[in-house]
Amino acid sequence: VKLTCADTEACLVDVSDGRLNPSLEMRVYSHLEECAHCRERADLWWALVPRLRSLSPRPPVELGARRMEVAVLRSLQAHGSIEVRPGRRWRSAAAAVVLVTAAAALVLWLRMGQPAPRPGDGGYALITRISGVVTSGGQLLAVEASLPFGSGLEVAAGGEAELRMDRGTVLQLRGPAQLAFQGTTREVLLRLETGTLQAEVAHRLPGETFAVWVRDLSVRVRGTRFVVETGSAGSAVRVQEGSVAVELANGSTQLLRAGEQVTTAPTIGLPAPPAPPSTSAAVPALEVPPAGSPPALSCLAAVRRCEGTAHAVRARMRDGGDEGALRLLSGASRLAREVAPACAREISPCGDELGYLLAEALHASGRIDEAVGAYVALNRPTAPTAMRQNALYAAAELERRRGRTRVARRYYESALAVAPKGALREEALIGSMESASATGDGDHAEALARTYLFEFPDGHANASARRLLGAGPGATGNGPAGH
Amino acid sequence: MLIFGLTFAARPATGTDMVFARGTSRPGPDQAEVTALVDRARRGDVVAIQELFRSHLLGVHRIVYRLVGPIADVDDLVQTVLVEAFRSLKGFRGDALFSTWVARIAVRVTMRAVKQRPPPAASLSEGVELPGDLPGPERRMAAREGLAILDRLLAELRPKRRAAFVLHVLEGYPMEEVGAILGASTAAVKVRVHDARRHIERRMQRDPELAAGLMGEGAP
């Protein structure tokens, strides 16, 4: 059966793609031999199709693709439609670490004549819940990822991670936070660089210790529930159950019981436990009555309500209820009006967190202008520098994505300036470099490229930096010249 | 990084789900590997999700771009497509190739967005990805102009014709698969592709400069 002109035309792409069976292909060519009109059309489209296919749009840049990947994983985790578990490589790595740890424990046992640790005491913290971005050594972590001693954990602003350790010890880390696992199974040592850590420590056996170190104090416990917060302004510890020994930088030791707290800076205050606070609070920083007219809310109650709101907002956002989260945040603005000015310092950390959640919720709801405004509003001197950098970087990304490269460049550079050694330095440097190049500031782009190659010789944007310098693959940076 | 050099499959004659690295002969995951990856991703394996993301990102990006043109929201749409695809992985029964299934989601998400906000006319300022080695400035300019012309021609097509033309002629999906992706009969797809071709042919006849720009004539 001979093909019609319409049938032949419908087969042209299949012929050029080599997809037709030989018999049908033969019939197409037979028709073309007889039909000059179709032959002309075939010549045109066989020439045109490869040309049109070669006109591919510019693909997402490497960094953009990486950011998109992280955003997709975050969305999957938040949505919970797929329970994200560590992959095979992770499990293999974890299995290798287990084997090494078991071997080391066996050697110790043989040497010391003591019983080896039980398999369940393998010296790991297991992640049981995640909200937001949680990483270890730059790798995005998922629920059920295990962390060996010696590793670290970073939680981005607005995020939270819950971890379980041996015999039921539970840790909750609220971002922005950095925590390092040190010591051994029997002598657990957590080093909190920044952030808020809530710990519920299972009772320790004789000879076992559990300590949390921050820059200006350390907490030693046997079995209790407590919260530690640390930042550039100082640190604070509040005990919720049991008792802890707090060693301060001056060498003095203070025993804290349930309901008591100690701080090393007046600007640091921790949320109260659910139970009514003890009247014997060692340092009742949150309960100092404000001067002047009595506030509608005490500082303590305000901080409690603020923390409660933040918790509820995070829960809504985890479930994808961004509009609900925005309604809760709108209610929080009423709370702000009820807080006395004297409580401003106490409520400031939680207020910053609500500000960040507001920006994230606006972003998730597609209200980009307002989201950028909310992110930029967080760039105030009293906010933690890590949060300021995160917020500025997020604003820069949003502006870049909608083509406002000059504005984006300003925010990238502010993100670099506000925390020169911050966690997002590499990304902000790349953003500055690319936006400087895109806005025609070649000299500055080259200076940034040199800085980038110098600071991140194995960075993932090396190729872009070298291209900007017009150098070959072997090019290296020569330091932050002119930057 | 090599993963970002991956491109979506130019539809292979064998009907497999091959994904090739641009400018290399290194094959990406084949059909069996894709099936295994999908199984693992369904169980929540992050590495498998990442592999699938990386091997399908460029294909999804290209389809979305060609359906909406050079607008600022392309990356957002691509992200929405991939999130929607991974969220509904449990609904993937394996009746079609995974790439076809993802393309179906890409078309659905993008057409929904187009309905809500029609894309603006194409701009000449968009850059292009050129095949082969470093092109000279004239060739780069010719390709940039060629892409801008193609963007403009695609923008002139009605959405359904545009989708059928993009999927069959530019992406190389067989008519039957295009029908499955668009939820239309093969006959309807043939008509839409035919109409789109006629429109482009007429425009090329009427405007020799446009035809020359589209064919890349004048480039070294």
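Numbers at a glance
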quantity: Nitroxide proxy distance, nm - points 7 Å out along Cα→Cβ at A:GLU323 and B:ALA187; calculated: 4.3 nm
quantity: FRET E, pair A:ARG129, B:GLU84, Förster distance 25 Å, beta-carbon r, rounded to 0.05; calculated: 0.55
quantity: Candidate lysines - alpha carbon under 29 Å from B:LYS115, same-chain residues fewer than 8 apart omitted; calculated: B:LYS90, B:LYS160, B:LYS190
quantity: Per-pair calculated FRET efficiency, R0 = 35 Å: B:ALA155 and A:GLU33 via Cβ, rounded to 0.05; calculated: 0.40
quantity: Virtual spin-label span in nm between A:ILE368 and A:ARG51, 7 Å along Cα→Cβ; calculated: 3.4 nm
quantity: At R0 = 51 Å, FRET efficiency that the Cβ-Cβ distance of A:GLU455 and A:CYS5 yields, to 0.05; calculated: 0.20
quantity: Net dipole in debye of the stretch A:359-469 [+1 Lys, Arg Cβ; -1 Asp, Glu Cβ; about Cα centre; nearest 20]; calculated: 160 debye
quantity: Distance (nanometres) between label positions extended 7 Å along Cα→Cβ at B:ARG43 and A:ARG467; calculated: 3.9 nm
quantity: Proximal aspartates and glutamates to A:LYS2, defined as alpha-carbon separation beneath 13 angstrom and excluding residues fewer than eight positions away on the same chain; calculated: A:GLU25, A:GLU33, A:GLU34
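Read-outs throughout are calculated quantities, based only on the coordinates presented, and are distinct from any laboratory measurement. Note that this is a predicted model, so its numbers are computed, not measured. No Cβ is skipped: glycine too gets one built from the backbone with ideal geometry, and neighbour counts run over all protein chains shown.
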